[in-house]
Structure formats: structure tokens, C-alpha cells
Amino acid sequence: MIRYNLPISSTAEETKVPREHVDTVFNYISHLLDTAAAGLPEIIADRSTELGRITKPIALAIKARILVTAASPLYNGNIDYTAFKNSDGAPLFNTAFDANKWKVAADACKAAIDACERTSMLLYTFSELGVTLSDTLTRQMSIRNSTCEQWNPEIIWANPSVSTYEIQRQAMPRLDPARIGNESVLGSLAPTMKIAEQFYTDKGVPMNEDKTFDYAGRLKLRTAVKAEGELIQEGYTTAAMHFNREPRFYADLAFDGAIWMMQKKMFHIESKAGQWQTRKNIYDNNTTGYFAKKLVNWKNEILEGQGLFVETHPWPEMRLADLYLLYAEALNEAEGPQPAAFTYIDKVRARAGLPGVQAAWTAYSRQPGKYQTKEGFRQIVQQERLIELAMEGARFWDLRRWKKSMEELNKPVTGWDVDQSDPVFYYRVRTLYRQTFQTRNYLWPLENWDLLNNPKLVQGFGW
């Protein structure tokens, strides 16, 4: 880490600097963000030309994320790195757990939340002039548009340098059977069975904990009745696990038998072999049977012929819901379950149409006291993050900082048997491929060229 630009007159030897302790790096980045935040505006004054520029709330929110990462198990008390030392023998990691790091992280989260709320940021709820929807669909649009409605009041940082055109084209299936020849949309961005199963039931607790949910029978077939009309096609046969799930399940995912609402039309998803959204060639196809509805703007439209209109939006690097959940996590790790932690996780759950954690677990979970312990509430917060931020890129980093990648990323990746036309055979779980994650994968290696040019550098752990 070089804090200052080296002068041009520096000798080759002066440019060869060693690595620094990971805590030093985190503290340096945090200091830089504090310095930057002091001179940044709280809001963008000229929204016509400057949206996307960095503001004080953005800097403080990213600082909060960094300090939560620094306090997390990968970097805080990780004994795997006991032997990971610098060229002079000095340790690069502090392998003794420091509880105060979580207190510092919680304070940073609260400072960022206060900065966001001073500028009137709030969790997004759908309200569009001239559009009247049922409560069910309004809830879905509040969830979907929290990521897809550009510059909405929940977005802390939207990055205009990252276009969502291609990811939407990959996520959106061929919705309209009248225009099934359209090759502009692919539907090949396929959430896995793991993602589908992690969403709660409609009682707001995990499927395998819900006393009212037949978890053992989740793979059985069931036919939808009229009451499911805005979620699953009436009279359509699909898996039992697609029924009685929380609103985010239906807002974020589509599946064989699902309803997909767009601005101009309501579509039915039928993705078994030979149906509308089935495989069309050997390359661009959905391999799991699930579609990433969350990433598709509801104003997109398949046009006549081969055209496609995509309502693009800047990629949401960070939303207020993310910050609320970071704060709940940091509070729990610092002091255990407490009212403020429940308050902020429940804000996110309320927008999703779910009861608060205490009420849901007490009434419906097979582990009713789970939220009362630090370990139990940790599991709840982690699952809430995996659900709320699904398909937004957070899971990749969360699993690493929680030091759970070895556990989760060595499991097989599974989905439905999408090449089958009969529901009995389609709804069989199949393994698509097996992942491999090793301890060394937590940190990326340095280039050999850099190591050759600077003997003071040491290679990343395990490489």
C-alpha cells in the first residue's frame, strides 16, 4: 500500500514496498472515506446532469460496508492466517478476535443511515400515476422496482457507468408467445434451486422451520386454484414449494407456472420442454427452471419483429435496505439481539409484507426462541440478506466475509430437469455441476510479474 505518489526521481529500490497488515489497510481506506465525505454534498443539486456522482451518504455507506467487512470472521480472528506473514516475518492478519470492531462498524452504519435519512431516503414503495394494482401486485412492484426504478429514493448509490441492458436481456425470457421467434431476449440467467429454497414461506420464516409448511413434501406436484391467480396460473400443475411463499419469492423469481407482470400485459410462464419459455437452442437457454424476474424492468417490451425495448437503469451499487441489514448484523455481533437490531431488520421485512422477526418466529417457527440468542439471530440476519439482496451481487462477498464459502460453494448446483415435458419428470431435482472452493480462494493471488519485480511482496495465502 502506497499512501502518497512517489516522486519520479525515486529509485527502483524505493518503489519496492512490502505488504501491510490488513487492519492498516482497512483503517487507511476508512480514513480516506472520512476525508472525502467532509467535502462532499449531501444531495445532488443538479439532478439533470450530475446524478450518479458521489455524495456524503454514499461515502459513509461504503465506509460502513468496509468496516462491517473488517469486523467479519474472514478478517477478524481468522486463525487460518496464523502463518501468513510478511517478508520480514511480521504477521499480515490479527488472528485474535476483536469485539470492538463490531462496535465501530455499528457506529459507522448508524452514521450512514442518519446521513441517508437526512436527505429523505427511504425504502421504496410503488406508486405510479394512473396505475392501480391489487395489494398483491403493488407489493411485488415495490420489491421489484426497489432495484429497477432508476434514481428511486432507496438507492444510495446508482452507478451510471454500469448499464443494465445486457443483464436484463439475459434475465428476461421470451414472454410473449405471439413473438416467440424474437432472439433479443434469452432468459439464460438462471437462479439456482438453492436461491429458490432460501426464500421464506408466507409466514416469514424458512421453509424448513415453518410449522405450517410441508417441507418434506415440497417437491411433490400441486395444482393451483383460483386463489393463487395473481401468483400461479389457475389450473396449472407445479411444485408444492412454489405455493405459500413470501412476496419476494414471487417478485424476484419466475418458474414454470408463474405469473409475470409487465407494464402492458400479464404473462404466463410455461417452461417445460416444448412450451413457450423452453430451451430454443443449445447455447442460450435456462438451465434451472427459474428466471431472474427481479432484474427485469417492468417497462421492457418485446416489439414487433425482432425488436426489444429495454428500460435501462444505473446499477444499484447500494440500497438503503442493504445498509439497514448491515446495521442489524453489526448490532447483534457487538451486543447480541436488541431492540434497534429488530427495528431495522423489521423495516425491510415490512416492505416485503412480512411480520417482524419476533412475531414470526414466536408464532410459526419450530425454533421459536431462535431470535433471542446471538447465534440464532445471526442466522436470521444472514438469511434476510441472502433473500433481500438476491441476485444483486451481495452473496459473493457476504459468504466470503462470513467465512462460509467453504461450506456453501462446495455444494452441488441444482435445478429442475428442464428438458422434460411431463411434470412428473420435469420436477426432479438434478445436479448441474459441482463447485470447488478452497481456503486459498478467499483471497486472490498476486501476479507473478509483480512478485518478480518486488521481492518484498509475499504471495497471497495458499497460492
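Throughout, read-outs are computed from the coordinates displayed, never taken from laboratory work. Remember, predicted model here, so these are calculated numbers, not experimental data. Here Cβ is always computed from backbone atoms with ideal geometry, including for glycine, and neighbour counts include all displayed protein chains.
Numbers below:
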item	result
Rough spin-label spacing in nm, given labels placed 7 Å along Cα→Cβ, for Tyr165 and Asn453	3.5
Length-normalised contact order for the range 212-314 - Cα pairs under 8 Å, 6+ apart - percent	18
Förster radius 30 Å - calculated FRET efficiency between Asp34 and Glu117 (Cβ-Cβ, nearest 0.05)	0.95
Square roots of 5 times each gyration tensor eigenvalue, C-alpha, the range 68-154, largest first, Å	44, 15, 11
Segment Asp46-Met266, extension gain: residue separation times 0.36 nm, minus the distance between their alpha carbons	75.5 nm
Computed lengthening from Glu408 to Ala99, 0.36 nm per intervening residue step minus Cα-Cα distance	108.7 nm
Ellipticity estimate at 222 nm from DSSP helix runs (n ≥ 4, -39,500 (n - 2.57)) divided over the chain, nearest 500	-10500 deg cm²/dmol
Whether the range 306-463 is rounded, prolate or oblate, judged on the alpha carbon gyration tensor where a/c under 1.5 counts as rounded	oblate
Rg(Cα)/(2.2 N^0.38 Å) for the range 107-238, N = residue count	1.35
Per-pair calculated FRET efficiency, R0 = 22 Å: Gln435 and Ala216 via Cβ, rounded to 0.05	0.25
Per residue, the convex hull volume that the Cα atoms of the range 186-227 enclose (Å³)	130
Rule-of-thumb Rg ratio for the chain [Cα; 2.2 N^0.38 Å; N residues]	1.05
Gained length - Thr237 relative to Val225, 0.36 nm times residue gap less alpha-carbon distance	3.3 nm
Kirkwood hydrodynamic radius of the range 13-120, Cα pairs, Å	15.7
Euclidean distance between Cα centres, the range 336-412 to the range 1-80, Å	28
Cβ-derived FRET efficiency at R0 41 Å, Asp422 paired with Ile54, nearest 0.05	0.15
Whole-number percent relative contact order across the range 13-120, with pairs defined as alpha carbons under 8 Å at least 6 apart	30
The chain, relative contact order in percent, only Cα pairs under 8 angstrom and at least six apart counted	18
Volume of the Cα convex hull of the range 263-394, divided per residue and given in Å³	170
Anisotropy class of the range 174-253 from Cα gyration tensor, a/c 1.5 cut	prolate
